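The values are calculated or read from the model by the stated rules, or taken from the named source; none is laboratory data. Owing to the predicted nature of the structure, the values given are computational and were not obtained by experimental measurement. In this analysis, Cβ positions are derived from the backbone assuming ideal geometry, glycine residues included, and neighbour counts consider all displayed protein chains. Ligands, DNA and RNA are stripped out before the accessible areas are found, and what is left, the full protein with its side chains, is counted by its heavy atoms. Shrake-Rupley method; radii C 1.70, N 1.55, O 1.52, S 1.80 Å.
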Protein chains: 4
Amino acid sequence: MSATRIAVLGCGRIGRVHADSVAINERAELAWVFDPVEAAAKDVGGRYGAAWTTDVDRIFGDDLVDAVIVASPTPTHIDLLTRAVRAGKTVLCEKPIDLDIARVDACRGDLGDLVERVMLGFNRRFDPSFAEVRARVGDGEIGALEQLTIISRDPAPPPAEYVAVSGGLFRDMMIHDLDLARFFLGEIESVSALGANLVSDDIRAAGDVDGAVVALRGVGGQLATITNSRRCAYGYDQRLEAFGALGALDVANQRATSVSFSGVDRTGAAGRVHDFFLDRYTPAYRAELDAFITMTRTGEPASPGFEDGRAALLLADAAAESLRTDEVVRLAT
Amino acid sequence: MSATRIAVLGCGRIGRVHADSVAINERAELAWVFDPVEAAAKDVGGRYGAAWTTDVDRIFGDDLVDAVIVASPTPTHIDLLTRAVRAGKTVLCEKPIDLDIARVDACRGDLGDLVERVMLGFNRRFDPSFAEVRARVGDGEIGALEQLTIISRDPAPPPAEYVAVSGGLFRDMMIHDLDLARFFLGEIESVSALGANLVSDDIRAAGDVDGAVVALRGVGGQLATITNSRRCAYGYDQRLEAFGALGALDVANQRATSVSFSGVDRTGAAGRVHDFFLDRYTPAYRAELDAFITMTRTGEPASPGFEDGRAALLLADAAAESLRTDEVVRLAT
Amino acid sequence: MSATRIAVLGCGRIGRVHADSVAINERAELAWVFDPVEAAAKDVGGRYGAAWTTDVDRIFGDDLVDAVIVASPTPTHIDLLTRAVRAGKTVLCEKPIDLDIARVDACRGDLGDLVERVMLGFNRRFDPSFAEVRARVGDGEIGALEQLTIISRDPAPPPAEYVAVSGGLFRDMMIHDLDLARFFLGEIESVSALGANLVSDDIRAAGDVDGAVVALRGVGGQLATITNSRRCAYGYDQRLEAFGALGALDVANQRATSVSFSGVDRTGAAGRVHDFFLDRYTPAYRAELDAFITMTRTGEPASPGFEDGRAALLLADAAAESLRTDEVVRLAT
Amino acid sequence: MSATRIAVLGCGRIGRVHADSVAINERAELAWVFDPVEAAAKDVGGRYGAAWTTDVDRIFGDDLVDAVIVASPTPTHIDLLTRAVRAGKTVLCEKPIDLDIARVDACRGDLGDLVERVMLGFNRRFDPSFAEVRARVGDGEIGALEQLTIISRDPAPPPAEYVAVSGGLFRDMMIHDLDLARFFLGEIESVSALGANLVSDDIRAAGDVDGAVVALRGVGGQLATITNSRRCAYGYDQRLEAFGALGALDVANQRATSVSFSGVDRTGAAGRVHDFFLDRYTPAYRAELDAFITMTRTGEPASPGFEDGRAALLLADAAAESLRTDEVVRLAT
């Protein structure tokens, strides 16, 4: 079969991650890269031998392009994904669809069934460890799932200018964990959030929190907690425990080597956990792309799809509302 | 120094635990055991060579008795501890002081400074692992404490008749975890609870939940989550993680041996974690008794004391209220 | 059933360990303690409320004594155990029976069937973890046992005066591991040893080694290695791996608490492993005594018995010969 | 700098591993592939867009080729590496140089200083975990190295036809571990080996062993054990412990995910360890190639080099001799 021809829109950090995945995927060809900044587009295009442009319409107009990865700044997502699907491409859109649920809903009404051509970049669903646990839960290995514990902490807070446009911890960072909660529990019924400002004055100044715990209840009565922090001394802390009637499945942190030290004052001391999201999630991005190529080729509805992106945003909004109102927020389900 | 003479009131399961601790403690002597059921009192007294009685006044009237451990049913706690401290004894009272905060407050007003002679049986504070983490947090090893994660699951639900008089999951089971949260965070400002009924029809019928997650915020802005379940397939799940600016300290589950198996379909498989609270917490009961003896001898205020028992009950009540009202409950602090 | 009346001969460190085990065993009574040094005998006897004497014949002449634990210096073992069994007592004899195989053989000829009344103090066979692995190997969980890896390191070298009379690393320290090897593999066919002097000048001056690795082959063709060191920075290193056709069973080191630390430069760092043989093996001594009491009551042959003590000494001698001759030593089997 | 142009000689399994590493290395270009079987050469060449040939002289005659990787059958190694270095190429030669030490020595005499242009394919030296431990030992983190424990077990025995030409377990399989021992200990003084036939009738019929333990002593008095088996139920078992005066550094087995399961009859059960040498050692092959490219560019002597290949073969021969003679073999040092 001929390679699936893919264009990457946006040549920043995450765009480069996707370009790299496409370049080494045997079923894909990196056809185009786009960035409004010529130097960025040229650099990434040159690196992988792909055509580059600062005019995205050239990509939408190229009938040989099968699929588009939207890795541009969040405010451009809806415009780009809309034009891409209307041009007959499938879309892999980085999260979030948009920070404003009203715009998301408008887009949804606008696109109708075409939303099924939009896959959302919730890469953690494709992490080999999380995916294995999800599959084993699905196979009934721990019986009915009853409790889910997610711990997710960044190594260090983002720059102040990023915080300002991020949409806040819930929409920017926790949205991944909220999607994971939905991945395991299905629809969520109740959300309760507490926040903290213990890490960064910049974040406080921006009116955001830098730590949070959120409690969730699924429509099946299952419970979940999510713990987030914008700083973690020992690296990028990414753990999950699924607990059920017959036992539990855990995802532990991961490290670059399997070395440990024992000496006078400690034993079994391993090194730092992965410090950087790419060290931890490169295999997830690879697997995500595989799923996107398959979806592009088969025409099946995207999963995770536009609806998953919308639902995670609703949860993030509910968490923010709970933080503001001191109430447990019940979602319409 | 002569042995501290101790009486144990109540010869049920927990009374026997205390009698056993006293019997093997080199600084203590088991002077009396009391139970209204003669056979129980006689059995425990006989086992340890202690005097036994069904008339508790004989103990309060015995000037040679230095200290009293109240291990009787919860509704009798206030009466017995009040009479004991008035009789000049120190008291180690099993949790909770009472299920009704109004009665606790009345007792508190009644006793005045004498409450300082009452130690509360929050044994987990004395568990070698939890105590080590608390001490190391106090020494600043992880910097400022920012987040606390407690997971506490019983192997199996209690009998229906126990559930009926237990006061509910928050006052009966989570109260230990709420006290641990205070042990680490100090005073608590906000409480939010979600509950579940996934384990036991008996518990549902009793109007109680059999699983819960609670989110807490301390007055210093620190966050905590507590996850409870009345059933755990792999044993008595008792874990804690204290996370701070400089790192984290974890308490893992414990097992009877350090054996693991690796074979065709799994590697590093250890056995069940301790199945029973005594297998897990016997060293904690021993250390708790040591602290009680020391407090009896020195006359210093008890720690954890009556106020800690009251504060934990207030948190349990707040959790129950949050569950009922769907609100984040703010405590007067 | 009335308690088994036990006398402890020798009130040094290991004698006190046994006296303590007897004192808290519900099936036993500490009837006598003996030591040629009156102060030692009096101290231990007084501590446990047992009769004490500097005249061991009073013990052998006491018909109420059922059993004797020989915990005196090695050169006295044969004399005491011989007189004890002739006096109708069962004997639990600390290892080794003697440092001289000729004397052991003479004793064996002398006692005939009475050797079955002598249990050898290879306490590690009763360690809950080692015993569990042995039982699971026996149950076929790893199929046919093929390879055994034993690592055994002391925290620090013994005093020079002890080294001088110890019989050397193989007879004094490795004899425990050689017995463990027999416990798992049965009879041993070949022994090969390499030694080192990297730890202690005193040990070198005494003509002994302070580190050694020994390779063994069992008559069934199974292979084993034993690694010993007289010094270990992180505590008392006691590990074992049994490897077979279907997998492996491992015994890991053990610690006082289940706490671990993660920070900027390390993760999952636990504390030191047990530093002292008693912290590690107290449960083993308790279980050993239980087996000794049962053997005393039932009259069944001791296990591990005199023959096991002799066989382990033969292996230690073979290891020493291999070290001296640079040959793989084959044992008569 | 322009890419280092590399030819891969041999298009079997290991040749493809190297071709893959070259293809994705940014500093390298896969210039040629050679195999006497046209289909193999064509397949691998085509896959990576490299020139292919069945006439190796075309490669030696191509002045644009900087470096050659010898991944052909062992009997061809000496001929190919000799011609390659005489043609001015650097060489990365798969282990062993040859199975016959006499031929190795003849080659060495023949090449003189040119041997410094030959790097030996002891890939484990480049494994991130082993390399980290070696570096930390070099930095003095565990003080003077005293004991080394290597466990290395294959998932399943090789085919009978491979066994027949393999040179035996010591030269074929353990040679990697013997090189690791030299990597850590430096020169080896004594070797003692025990062997077993518990796994495969084919291997026994070929006159080889399918399990072995080897004890080594370095010239500095350090001790090491190597345990090998041709079968391991739980995967490709690759572990190492370096023990010194100040502590130990361990390399644990590695797995595809960080998932573990806890249920009614086990806790903390992870999945199989990597099953296949490529899953375990792909990063090692990548890093090995990096070192080879650097050595090619700088002209520095290869490390590990020809002498390391020869020394490991001498150790393998010594182990075989020890097995045959039941003697501890002392090496000339």
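Close Cβ contacts (under 7 Å, 6 or more residues apart or on different chains) running from residues in the stretch B:313-333 that are in contact (Cβ under 8 Å) with a residue 60 or more places away in the chain to residues that are of a type in the set (Val, Ile, Thr) and open to solvent by 20 Å² or more (accessible area, probe 1.4 Å) comprise B:LEU313/B:ILE101; B:LEU314/B:ILE101; B:ASP317/B:ILE101; B:THR333/B:VAL219.
Filtering the stretch B:266-277 down to residues that are within 30 Å of B:ARG13 (Cβ to Cβ) and open to solvent by 40 Å² or more (accessible area, probe 1.4 Å), which residue is nearest to the other protein chains (Cβ to nearest Cβ)?
Per the criteria, the residue is B:ARG272.
Residues checked against (1) modelled with pLDDT of 95 or more; (2) in contact with a Ser or Thr (Cβ under 8 Å, 6 or more places away or on another chain); (3) closer than 23 Å to A:GLU300 by Cα; (4) of a type in the set (D, E, K, R):
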| site | (1), (2), (3), (4) |
| --- | --- |
| A:ALA19 | yes, no, no, no |
| A:ALA23 | no, no, no, no |
| A:ALA31 | yes, no, yes, no |
| A:ALA39 | yes, no, no, no |
| A:ASP66 | yes, yes, yes, yes |
| A:HIS77 | yes, no, yes, no |
| A:ASP105 | yes, no, yes, yes |
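Taken as a whole, the stretch B:215-226 holds no residue that is of a type in the set (S, T, N, Q), open to solvent by less than 10 Å² (accessible area, probe 1.4 Å) and within 14 Å of chain D (Cβ to nearest Cβ). Return yes or no: is D:VAL191 open to solvent by 10 Å² or more (accessible area, probe 1.4 Å), of a type in the set (Val, Ile, Thr) and in contact (Cβ under 8 Å) with a residue 40 or more places away in the chain? Judged against the criteria, D:VAL191 is not a match. If you filter the stretch D:283-305 down to residues that are free of Cβ contacts under 8 Å to residues at least 60 places away in the same chain and outside any loop (DSSP other than H, G, I, E, B), you find that the one that is least open to solvent (accessible area, probe 1.4 Å) is D:THR294. Taken over the stretch D:110-130, the residue count meeting the criterion of being more than 19 Å from D:PRO301 (Cβ to Cβ) and assigned to a helix (DSSP H, G or I) is 4. Scanning the stretch B:242-265 for residues that are more than 9 Å from chain C (Cβ to nearest Cβ), in a strand (DSSP E or B) and open to solvent by 10 Å² or more (accessible area, probe 1.4 Å) gives no hits. Within the stretch A:132-154, the set of residues being surrounded by 19 or more Cβ atoms within 10 Å (Cβ to Cβ) and not charged (D, E, K, R) comprises A:VAL133, A:VAL137, A:ILE142, A:LEU145, A:GLN147, A:LEU148, A:THR149, A:ILE150, A:ILE151, A:SER152.
Among the residues making up the stretch A:172-208, those that are among the hydrophobic types (A, V, I, L, M, F, W, C), closer than 23 Å to B:ILE142 by Cα and in contact with a Gly (Cβ under 8 Å, 6 or more places away or on another chain) are A:ALA196, A:LEU198, A:VAL199. Residues A:GLU146, A:GLU161, A:GLU141: which one is free of Cβ contacts under 8 Å to residues at least 12 places away in the same chain and on the phi < 0 side of the Ramachandran plot? Unique residue meeting the criteria: A:GLU161. Restricting B:TYR285, B:TYR234 to those that are more than 9 Å from chain C (Cβ to nearest Cβ) and within 30 Å of B:GLY143 (Cα to Cα) reduces the list to B:TYR285. All conditions in (1) away from chain A (no Cβ under 14 Å); (2) touching a residue at least 60 places away in the same chain (Cβ under 8 Å); (3) closer than 24 Å to D:ASP290 by Cβ hold for D:ASP177, with the sole exception of (2).
Just one of the numbered conditions (1) without any contact (Cβ under 8 Å) to a residue 12 or more places away in the chain; (2) crowded, with 16+ Cβ neighbours inside 10 Å; (3) small (Gly, Ala, Ser) is not true of D:GLY121: (1). Within the stretch C:302-325, the set of residues being under 23 Å from C:VAL91 (Cα atoms) and in contact with a Gly (Cβ under 7 Å, 6 or more places away or on another chain) is empty.
What's the total number of residues in the stretch C:198-208 that are facing chain D (nearest Cβ under 9 Å) and more than 24 Å from the chain's Cα centre (by Cα)? Qualifying residue count, the stretch C:198-208: 1. Take the residues of the stretch D:306-331 that are within 14 Å of D:ALA193 (Cα to Cα) and of a type in the set (D, E, K, R): which is most open to solvent (accessible area, probe 1.4 Å)? Among them, the one singled out is D:ARG324. Selection of the stretch A:94-128 for residues being under 20 Å from A:GLY61 (Cβ atoms) and of a type outside the set (Val, Ile, Thr) yields A:LEU111, A:LEU114, A:ARG117.
Reported count of residues in the stretch A:160-175, each being open to solvent by 30 Å² or more (accessible area, probe 1.4 Å) and out of contact with any helix residue (DSSP H, G or I) (no Cβ under 8 Å at 6 or more places or on another chain), is 3.
Hey, any hits in the stretch D:42-56 for a residue that's modelled with pLDDT of 95 or more and closer than 20 Å to D:ASN123 by Cα? No; the residues of the stretch D:42-56 include none that is modelled with pLDDT of 95 or more and closer than 20 Å to D:ASN123 by Cα. Just one of the listed residues (C:GLY211, C:GLY143) is more than 7 Å from every other protein chain (Cβ to nearest Cβ) and either farther than 22 Å from C:ASP326 by Cα or in contact with a Gly (Cβ under 8 Å, 6 or more places away or on another chain) (or both), and it is C:GLY143. For the stretch B:186-207, enumerate the residues that are among the hydrophobic types (A, V, I, L, M, F, W, C) and under 19 Å from A:ALA215 (Cα atoms). Across the stretch B:186-207, the qualifying residues are B:ILE188, B:VAL191, B:ALA193, B:LEU194, B:ALA196, B:LEU198.
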